[in-house]
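Note sheet for the following structure.
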Amino acid sequence: MNSRLQFHNSQILFVFTVCAVAALANAADPDDQIYEKSPDERFGFRDSFAGAAKTEQSEMSDPMAIEVVEISSKRVVLPSPKEALTPIHLRREPYWSNDSKHIALSFQTGPRTWTAMLYEWDGKEFAEVSWPRDAIRKRIEEEQAAQLKALGLPESTPRKLVYEGFTALEWVNATAVKMIAERIDSVVVSKDLPPAELDARFSFVIKIRDPQKMEIADATKIIGASGYGYVIDKGWAEARLADEQPESFYLVKDVEEGQQPFRLYALERFAVVGEKGDDYVVEDGCEHKGRIPRRFVHKFPSKFLGNEMDSCALSRGVYYEVLLKVAQSGYLPALRALFALGDFDGAAADIHSYCVDEIGKFVSARQISEAQGSFSAAYRGSVKTSKTSAIRRGKRTDFSQVLAKADACARLVDENSGGAMGRRVARVPTGQKPFKLYGGEYFAITGEKDGDYLIEDAEGNQGYVAKDFVETVPKPTTESAMLLPLMGLHYLRVVKGTQSERDSPDTRRLMLSLDLTGQSGAEHARNLERMLDHDDARSLLLKEFSPGRVKAIRAMLLQGRAENDKAELIRKYPLIFHGDAPPKSPAKKKS
C-alpha cells in the first residue's frame, strides 16, 4: 500500500514501543537518569517523579516534571516550566541548538493548548527567551477570517476553541529555530449541520538577535505536519469527518479520473493531501482519492511524537492501544482480533510482535489457546505464558448496558492515539487501581463529583477525569458500532477495506475474526458475503482459519436469510459449507 496513512520506514528515527515505554519509568532511581545531553555533553535533561507516590512511579509513562542539570555538578540550570501540565507531556523531544546555548521545549499547557518555549544560556543558567506569539496569531486570525467569509458568516460569529499549539521543529542554526503554529476553532453554520472548523496552520522561523529582540521570518501557510520522531512531512494532515454520528458517512463523488465514488465513514481516519478552492483533496487508507468540502472535515492537530503503529493501524480501522488494552483483560473477541493482525511492516511489525509476545503476562494459557483456536496451526504461532500473569478474574461487565444507562458517551479531547502514552486516571474509587485512557477510546460518563466526571471504560475500570479533558460524543447503539468502545475496532472501515483490493489482508482477517449476531447479524452476513465473493478472501479463510472458525462463519453467513437464499449460499460456497481440505495455496492478489 502507498497510502499516506501507512508507513514511513525510511524516515522514522525515534520510536516509542507501545508495550515497553513504561519501562523507562521503572529504572531503579528515575530521578538520577540523565538523557538528551547537549551536543557538548555539558548539560542534560533529568526527569522528576516528585509528587507522585512511590507505588505510582513505576506505572507512570510521563514524569511529573523535567529539568536541565549541569552534568558535572548536578546543579539545576533550568527548572521545569511552571506553565506545563503535570505530569508533563512533551509534544516532541527536547531540542538543543548545535552550540549547546539554546533549548526549545514543546509541551502541553491545557486540555486544548500546547506551547513552545525557548531558553538561552546566560553564563549561569538557561533563561527564557520571549518570542512574539501575537505576530503569528495575527496571521492565524487573518486566515480564519477568510474562512469565515467563505462560509458566509460574519467575523463576530462565536467560536469554540478546539486546539491551539506552537511546536518547535528544529534549529536552523545556532540562533534560529523553525516552528509550527496551529489553531482550530469550531463555529455553528446551521442547526441541521455539524459545526464547521476554522483551521489555520503556519510554519515560520524565529531568529534570536538577542534576548530582547526576536524576528519572525518565512511564515508559510501549510496543510499540516504529520510525522514521527524527528522527521516531519508537511505535505498532509490526518483527518476525520466533522460528523461523529457512528453510522453517518459522506459519499465522495468528485474523484480522480478512472476512480469510482467512495464513502468516508464517521470516525474513519483519512489524509488531507491538498486544497482546491473551498475543498480539501483527501485520500483514504484504500488509496481512494477525491475532493470534499472543507466544512465537513475535522483535521487533527499535527502529530509530532508517536510511533509508526499510530496511523498504520488507524488507517485500517484499528485503535491499536485500545484493542491491546482490552485483549490484556482476557476478553476473547479482542484477543482473537489481536492475533488476526499480522500484515505490518517495519517498526509497526516490531511493536505488534512484541505486544503479542508479551500478552502471556496478562492472560492465561487457556485464554490464549481459546483465542488462537480460531486459526490454523500454520498461522497461529506461539505465545509464551507466565505463571505470574496478571489475569483478571470475575465476571466481565456488559459495557453495552453500562453505556445505555450512562449519562453520556465520551472520549478524551485529544484523539491522537499517542503511542503508549495515554492519560493516566489516578483518582479512582476505593479498592480500584489507576488505569489509562487512550486517544479515540470511548467510555461512559456515569456521574459527577467535585467538578470531575465519574467514568467507566469497557474493561469496567472506574475513575474521575477533569471535565475539561473530556468530549461527549453520540452513543453507539448497534452491535457493529459498539465494537469501537468494546475493542477499538471501526466496523464500517474494516468492511470498506474488505471490499478493496488495495487494502491490507488484515482487514479480511479482522472481519473473519468478528462475531456479530442480533440486530447487526443480517448486516454482517451481507458484508461477509461481499467479501467472500473474492477468491483471495475465501482462500484466506480456508487456509489461515481453523475448521471450527469456518463453521462459525457458515452460521453467520446464514443469519437473517430466507430458506431459498440459504440454499443459494450453500451452492455458491461449496468449500466453505462442505469442504474439509484447504487449498494448496492462496490465490495471487492482483497487482
Self-check item: Within the accessible area of region 234-274 (1.4 Å probe), percent carbon and sulfur
Solution: 44 percent
Exercise. Would you mind counting up the charge near A378? Only other residues with Cβ under 11 Å from its Cβ, with Lys and Arg at +1 and Asp and Glu at -1.
Key: +1
Quiz prompt | Coil-residue GluC sites (Glu not before Pro) of region 448-502, DSSP, other Cβ within 10 Å capped at 15 | solution = E501
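Could you work out the relative contact order of region 405-560? I mean the mean sequence separation of Cα pairs under 8 Å and 6+ apart, divided by the number of residues, in percent. Each step should come with its number before you reach the end.
On the way: 223 pairs, mean separation 27.1, N = 156.
It rounds to 17 percent for region 405-560.
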Quiz item: Using the beta-carbon distance between S353 and E142 and R0 = 56 Å, what value does 1/(1 + (r/R0)^6) give for FRET efficiency, to the nearest 0.05?
Solution: 0.70
Quiz item: So what's the gap between the Cα centers of region 412-480 and region 92-159, to the nearest angstrom?
Solution: 29 Å
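Using a probe radius of 1.4 Å on heavy atoms only, what accessible surface per residue do you get for region 61-215? Whole Å² is fine. Walk me through the numbers on the way to the answer.
Values: 6820 Å² over 155 residues.
Computed with neighbouring chains in place, this is 44 Å² per residue.
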Quiz item: trypsin sites (Lys or Arg not before Pro) within region 91-143: which are DSSP loop residues with at most 14 other Cβ atoms inside 10 Å?
Solution: K124
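So what is the relative contact order of region 88-213, in percent, for Cα pairs below 8 Å that sit 6 or more residues apart? Show your work: numbers first, answer last.
Numbers: 234 pairs, mean separation 27.1, N = 126.
The value is 21 percent.
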Quiz item: Long-range amide H contacts for A242: which residues qualify at under 5 Å (H placed 1.01 Å from N, peptide plane, sequence gap of 5 or more or a different chain)?
Solution: V297, H298
Quiz item: Amide H to amide H under 5 Å from V425: which residues, 5+ apart in sequence or cross-chain, H placed 1.01 Å off N in plane?
Solution: F435, K436, L437
Quiz item: Using the alpha-carbon centroid of each, what span in Å lies between region 244-322 and region 184-215?
Solution: 22 Å
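Which GluC sites (Glu not before Pro) does region 88-159 hold that lie in a coil by DSSP with at most 13 other beta carbons within 10 Å?
Details: sites: E120, E125, E128, E141, E142, E143, E155; in loops: E125, E155.
Answer in residue order: E155.
What is the gain in length, in nm to one decimal, between E563 and D210 on full extension, counting 0.36 nm per residue of separation less the C-alpha to C-alpha distance? Spell out each step's value before the answer.
Numbers: separation 353, 0.36 × 353 = 127.08 nm, distance 8.25 nm.
Contour length minus Cα-Cα distance gives 118.8 nm.
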Quiz prompt | Amide H contacts under 5 Å for A408, placed H, 5+ residues apart | solution = I445
Practice problem: Apply 1/(1 + (r/R0)^6) to the Cβ-Cβ distance of K82 and T430, taking R0 = 22 Å, and write down the FRET efficiency to the nearest 0.05. | Solution: 0.10
Exercise. Output the pairs from K138/K160; K178/K213; K289/K475 with a Cα-Cα distance over 20 Å in this structure; if there are none, say none.
Key: K289/K475
Exercise. Provide the packing ranking of 74-82, 211-219, i.e. peptides ordered by the mean count of other C-beta atoms within 10 Å per residue, highest first.
Key: 74-82, 211-219
Practice problem: Apply the Karplus parameterisation 6.51 cos²θ - 1.76 cosθ + 1.60, with θ equal to phi minus 60°, to every residue of region 93-100 and state each ³J(HN,Hα) to the nearest whole Hz, in sequence, with x for glycine and proline. | Solution: 5, x, 10, 9, 6, 4, 8, 6
Quiz item: Residue-wise, which Karplus ³J(HN,Hα) couplings in Hz belong to region 149-163, taking 6.51 cos²θ - 1.76 cosθ + 1.60, θ = phi - 60°, and x for glycine or proline?
Solution: 4, 5, 7, x, 10, x, 5, 7, 4, x, 10, 10, 5, 9, 6
Quiz item: So if we plug the beta-carbon distance of E257 and D218 into 1/(1 + (r/R0)^6) with R0 = 41 Å, what FRET efficiency do we get, rounded to 0.05?
Solution: 0.70
Self-check item: Percent accessible area from carbon and sulfur atoms, region 66-197, protein chains only, probe 1.4 Å
Solution: 51 percent
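The values are calculated or read from the model by the stated rules, or taken from the named source; none is laboratory data. What you see is a predicted model; the values in this text were computed from it and never measured. Glycine also receives a Cβ, built like all others from the backbone with ideal geometry; neighbour counts cover every protein chain displayed. Just so you know, the surface numbers come from the protein's heavy atoms only, side chains and all, with ligands and any DNA or RNA stripped out. Shrake-Rupley method; radii C 1.70, N 1.55, O 1.52, S 1.80 Å.
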